[in-house]
Structures are given as C-alpha cells and as structure tokens.
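Q: My structure is below; once you've seen it, I'll send some questions.
Laboratory data are not the source of any read-out in this text; all were calculated from the coordinates shown. What you see is a predicted model; the values in this text were computed from it and never measured. When we count neighbours, we look across all protein chains shown, and the Cβ atoms used for this are built from the backbone with ideal geometry, even at glycine.
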Amino acid sequence: MAQEIKMSAAGLKAMQEELEYLKTVRRKELAEEIKEARSHGDLSENSEYDEAKNTQGLVENRITELEQTIKNAVIIDESELSVDNVSVGTHVTIRETGEDEAEEYDIVGRTEADAFNGKISDESPVGHALMGKAVGEKVEVLLPTGQTVEYTVLAITHSAN
C-alpha cells in the first residue's frame, strides 16, 4: 500500500495546476522543440535534439511523480486541527535556547516543504522533533551538522495558508 502524503488543500491545488501545465503546455512545447531539432539533420551530433529529449524525460518523470503524490494525498482540514500540540498544518513559534529571536514555521508534509518561506516538513530534523509537543515544552534537535540545539515551543496556531 502506498504511503499517505499529508498536505494542505492549497498544496494539492498547486500540484494539480503544475501537473495540468506539464501535461498540456509543456508537452506541446517540447514536441515542437524536438520537431525543430529533428529538422536540423543528423541526430547523432544534434545537441538541440539531445537536450530536448533529456528535458522531455525530466518532464515525464515529474508528471509521474506528481500523479503519484496527488493519488496518495490526504488533505489536512486545518479548521479541525487542535492547536494543543504541534502537527502537520500548524504554525509554530519556537526559540532556540540562548537566543533572543523567535523563529516561526508552518509544519507541512514533505511535498510542501520550503524552508526559505518558513515551511518545514514534519520529516525534517526540527519538524520531526516538534511533532506532538505543546507550548512550553523543550525539544533537542540533532542538526545535520552534528550540532544539537534546544528549542522551546512558544506558541501553536493554525497555519495561515
């Protein structure tokens, strides 16, 4: 059985839109690029043809990946989420021990993770350590660098997706 993939309704919609774009617009663009490259003659030394075929393979792989993710998606109804504990779909405010600045993150499923925009996966080191924790609890996180840091959960709210 395939593993369920937790995500927000907005995350699922974005994936569905990307899939539709790739299947319609991008496939047609690539077909034209391949057709154009073929018209340049000998395919054995045709870098444009090779590049277009490689891109086509990448696009087809992405389409397959998106289809599988969408098929296994489980939408989190954020309005029904408890904010007593950290879970996928919550927004958490934490502070590293010894630091003045608090950090804020949305806890999301792995397919929606975007650390640069404050969305961390429940499978990331920090996200995983925070799962199930309540306001006031401390967690120790082993970072990929090998360093251990301690965070205190300051607040848990619904994500603002």
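Q: Name the long-range amide H neighbours of ALA73: under 5 Å, sequence gap of 5 or more, or other chain; modelled H, no Pro or chain starts.
A: HN-HN under 5 Å from ALA73: ILE5.
Q: A follow-up question, please. Give me the dipole magnitude in Debye, nearest 20, for the chain about the Cα centre, with unit charges on the beta carbon: positive for Lys and Arg, negative for Asp and Glu.
A: Details: 16 positive and 34 negative charges, 103 e Å.
For this selection, approximately 500 debye.
Q: Further question on the same structure: Residue by residue, what Karplus-based ³J(HN,Hα) values in Hz, rounded to whole numbers, does region 110-122 have, using 6.51, -1.76 and 1.60 with θ = phi - 60° and x for Gly and Pro?
A: 4, 6, 9, 4, 7, 4, 5, 10, x, 10, 10, 6, 5
Q: Taking a cut-off of 25 Å between Cα atoms, list the lysines near LYS53, but don't count ones fewer than 8 places away on the same chain.
A: LYS23, LYS28, LYS35
Q: Tell me the label only: which of [x] 110; [y] 196; [z] 163 is volume of the Cα convex hull per residue in Å³ as calculated from this structure?
A: Label of the calculated value: [z].
Q: How high is the relative contact order of the chain, in percent, counting Cα pairs under 8 Å that sit 6 or more residues apart? Could you put the intermediate results ahead of the total?
A: Numbers: 254 pairs, mean separation 38.4, N = 161.
Computed over the chain, the figure is 24 percent.
Q: So how far, in whole Å, is the C-alpha centre of region 45-85 from the one of region 121-161?
A: Going from one Cα centre to the other spans 27 Å.
Q: So for region 5-75, considering every pair of alpha-carbon atoms, how many percent are separated by more than 14 Å? Walk me through the numbers before you get to the answer.
A: On the way: 1588 of 2485 pairs.
In whole percent, the long-distance tail amounts to 64.
Q: So, one more: Give the cross-link partners of LYS138 among the lysines, using a straight C-alpha distance below 21 Å as the criterion and excluding same-chain residues fewer than 8 apart.
A: Partners found: LYS119.
Q: Another question, if that's okay. Taking K and R as +1 and D and E as -1, what net charge do the other residues with C-beta under 11 Å from the C-beta of SER121 add up to?
A: On the way: positive: LYS6, ARG110, LYS119; negative: ASP106, GLU112, ASP114, ASP122, GLU123.
Combined, the nearby Lys, Arg, Asp and Glu give -2.
Q: Per the helix-only calculation at 222 nm, which mean residue ellipticity applies to the chain, given -39500 (n - 2.57) for every DSSP H run of n ≥ 4 and division by its residues, nearest 500 deg cm²/dmol?
A: Values: 4 runs with 56 residues, N = 161.
It comes out at -11000 deg cm²/dmol, rounded to the nearest 500.
Q: Hey, got the dipole for region 17-112? About the Cα centre, +1 on K and R Cβ, -1 on D and E Cβ, debye to the nearest 20?
A: Working: 11 positive and 27 negative charges, 158 e Å.
Rounded to the nearest 20 debye, it is 760 debye.
Q: Right, next: Can you say what percent of the DSSP beta bridges in the chain, counting only those with both residues inside, are antiparallel? Round to 5.
A: Values: 18 of 24 bridges.
Antiparallel bridges: around 75 percent, rounded to the nearest 5.
Q: Per residue, how big is the convex hull around the C-alpha atoms of region 78-158? Give it to me in cubic angstrom, could you?
A: It is 86 Å³ per residue.
Q: Can you work out the Karplus-derived ³J(HN,Hα) for every residue in region 56-67? Use 6.51 cos²θ - 1.76 cosθ + 1.60 with θ = phi - 60°, whole Hz, and x for glycine or proline.
A: Each residue of region 56-67 in turn: 4, x, 5, 5, 5, 5, 5, 4, 4, 4, 5, 4 Hz.
Q: Say the dipole of region 29-161 comes from +1 at the beta carbon of Lys and Arg and -1 at that of Asp and Glu; which of VAL59, TYR105, LEU142 then lies farthest toward its positive end?
A: LEU142
Q: Calculate one ³J(HN,Hα) per residue across region 83-96 by plugging θ = phi - 60° into the Karplus curve 6.51 cos²θ - 1.76 cosθ + 1.60, and present them in order as whole Hz with x for glycine and proline.
A: The phi angles translate into 9, 6, 9, 5, 8, 4, x, 9, 10, 10, 10, 10, 9, 6 Hz.
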